[in-house]
Amino acid sequence: MPLDPFYIVCAVIAVVISGLAKGGFSGAGSLAMPIMALAIDPVSAAAILLPILIVQDVVGVWAFRRTWDGEVLAVMIPGMAVGVALGYLFSAQVSANAVLGVLGAISILFGLQRLWIERGHAITLPSNSPRWLGALFGVASGFTSHIAHAGSPPFQMWVLPRRLPRDTLIGTTAIAFAVMNWLKVPAYAALGQFTPANLLATAVLIPLALISTMLGVKLVRRVDPERFYVLIYLLMILLGFKLLADALL
């Protein structure tokens, strides 16, 4: 396990943010990967975080196991599987710097897109958009999730216009991303990232992830969400530019 103090600080911050996201601060979790990538290579960072996300998924899937939309899952999950496969092929064929650059670009685009939505704007699709379009958004979700654990924007762009009931939307999202996180396991295994050092780092961080998830549940009702999210997305954009610059220089 890396013992560098800078890595430890980045890992703790990333896992706490991921836990807060699972506890109710939806969207904040996409900041975890850019923070981890400041200290270690992005593929290793993603591999360390993946088992933590899988553990956290259990809570959401169990809580909403009776409310989900089968049509959305049938459309999105195959596309997600293709996207994860493309993400694996990309990660396997290019250098760590290239992955870092893509992570930086995804972080910038994600942050800008979320800030645009926070200002009351949105690019919306018709509620009856075709299934093949949903599958394409699933591919995009799988690819960005494999690279950056940030598959929410493409998923939401196709699913939200369908205006599912709240619990159905939450349950469908929880199941879709739980399945996708398991789809990423063989990909990261094939990349040789489940090393003893990475798995030990994960094991050390899991208790912190669970504590921060419970903390998120309590804090979500007390924190001004508008200011919180604006800060998160601004930080994501700044980190994205930093990662992109590191990749290019």
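The values are calculated or read from the model by the stated rules, or taken from the named source; none is laboratory data. Since the model is a prediction, treat every value here as computed from it, not as a measurement. Please note: Cβ atoms are built from the backbone with ideal geometry, for glycine as well, and neighbour counts cover all protein chains shown.
Restricting to region 192-213, count the residues that are assigned to a helix (DSSP H, G or I) and out of contact with any helix residue (DSSP H, G or I) (no Cβ under 8 Å at 6 or more places or on another chain).
Qualifying residue count, region 192-213: 6.
Scanning region 143-173 for residues that are of a type in the set (A, V, I, L, M), more than 22 Å from Ala47 (Cβ to Cβ) and surrounded by 20 or more Cβ atoms within 10 Å (Cβ to Cβ) yields a total of 3. In this structure, Gly104 does not qualify as part of a helix (DSSP H, G or I), modelled with pLDDT under 85 and of a type in the set (Gly, Ala, Ser). Between a residue in region 73-99 that is aromatic (Phe, Trp, Tyr) and any residue that is in a helix (DSSP H, G or I), which pairs come within a Cβ distance under 7 Å, given they are 6 or more apart or on different chains? Every condition considered, the pairs that remain are Tyr88/His146; Tyr88/Ala187; Tyr88/Ala190. Annotation note: of Arg119, Arg114, the sole residue that is charged (D, E, K, R), surrounded by 17 or more Cβ atoms within 10 Å (Cβ to Cβ) and at pLDDT below 90 is Arg114.
The sole residue among Ser152, Ser212 that is at pLDDT below 90, of a type in the set (S, T, N, Q), more than 13 Å from Leu73 (Cα to Cα) and within 16 Å of the chain's Cα centre (by Cα) is Ser152.
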